[in-house]
Ligand code: GDP
């Protein structure tokens with residue numbers, strides 16, 4: 001008989017402006033790849049991955065949903081948020097606008113999602129600042145401060161290089177498991 005392959009199934013959603021790299025983060029998480037020119041009409045909608053959280057001695061089956069292009073129509077409905085335990089709120093560190101818009105995405109999340117949902121703010125595309133610091137439009141400290149004020153976890157990542165992508169999902173999972181353990 002097969003043993004337990006996971007302890008929890010957690011639904012995650014990814015929100016944020018178009019082109020910040022939501023699909024790319026999902027592809028990086030589930031497929032360890034990066035597509036330089038993804039077809040915008042073929043947005044990745046769903047990905048699943050097993051993640052081990054050693055501190056909690058638990059295996060989590062992460063089921064992650066992407067908005068797959070619908071963000072431009074602001075047509076994301078309550079059903080998208082229903083049952084979500086975690087949320088990646090993504091902006092692009094080279095786009096001030098996408099960071100400013102993260103406020104309204106967060107407002108959407110707060111309106112529709114479970115109040116206990118764990119949300120991690122992800123500043124994506126840090127690889128673009130590695131060679132050319134002038135491309136950065138959102139200072140790390142500013143995003144970190146805003147995340148703290150709003151009670152969000154925070155990380156800067158790159159779907160292209162892969163840096164901090166697994167770590168972003170893992171830290172959100174760790175936070176969710178801690179809430180479960182404490183009965184929140
Ligand atoms: P979405 O609309 O938010 O799902 O964004 P996509 O995942 O479709 O990405 C939009 C564009 O940004 C694509 O051309 C991606 O190849 C590119 N992109 C996504 N993530 C990164 C990243 O971490 N670094 C760089 N340099 N480009 C990225």
For the range 89-118, name all the residues that are within 11 Å of the ligand (Cβ to nearest atom) and not in a helix (DSSP H, G or I). 90, 91, 92, 93, 94, 95
When (1) within 17 Å of the chain's Cα centre (by Cα); (2) within 25 Å of residue 52 (Cβ to Cβ); (3) surrounded by fewer than 22 Cβ atoms within 10 Å (Cβ to Cβ); (4) touching a residue at least 60 places away in the same chain (Cβ under 8 Å) are applied to residue 173, the one that fails is (3)
Does residue 121 qualify as being modelled with pLDDT of 95 or more, assigned to a strand (DSSP E or B), within 15 Å of the ligand (Cβ to nearest atom) and closer than 15 Å to residue 91 by Cβ? yes
Residue count, the range 122-147 (criterion: out of contact with any strand residue (DSSP E or B) (no Cβ under 7 Å at 6 or more places or on another chain) and more than 16 Å from residue 100 (Cα to Cα)): 9
Of the conditions (1) closer than 24 Å to residue 30 by Cα; (2) in contact with a helix residue (DSSP H, G or I) (Cβ under 9 Å, 6 or more places away or on another chain); (3) near the ligand (Cβ under 10 Å from one of its atoms), residue 127 clears all except one; give me its number. (2)
If residue 180 passes every condition in (1) touching a residue at least 12 places away in the same chain (Cβ under 8 Å); (2) away from the ligand (no atom under 16 Å from the Cβ); (3) within 16 Å of the chain's Cα centre (by Cα) but one, which one does it miss? (3)
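Can you find a residue that is within 19 Å of residue 83 (Cβ to Cβ) and either modelled with pLDDT under 90 or away from the ligand (no atom under 12 Å from the Cβ) (or both) anywhere in the range 36-46?
Within the range 36-46 (the criterion being within 19 Å of residue 83 (Cβ to Cβ) and either modelled with pLDDT under 90 or away from the ligand (no atom under 12 Å from the Cβ) (or both)), the answer is yes, since at least one residue qualifies.
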What are the pairs, 6+ residues apart or on separate chains, where a residue within the range 155-167 that is in contact (Cβ under 8 Å) with a residue 12 or more places away in the chain and more than 16 Å from residue 51 (Cα to Cα) has its Cβ under 8 Å from a residue that is within 9 Å of the ligand (Cβ to nearest atom) and assigned to a strand (DSSP E or B)? 156/124; 157/124; 158/124; 159/124
Condition first: within 16 Å of the ligand (Cβ to nearest atom), surrounded by fewer than 18 Cβ atoms within 10 Å (Cβ to Cβ) and within 15 Å of the chain's Cα centre (by Cα). Can you find one or more residues in the range 153-164 that meet it? yes
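The values are calculated or read from the model by the stated rules, or taken from the named source; none is laboratory data. All values derive from a computational prediction rather than experimental measurement. No Cβ is skipped: glycine too gets one built from the backbone with ideal geometry, and neighbour counts run over all protein chains shown.
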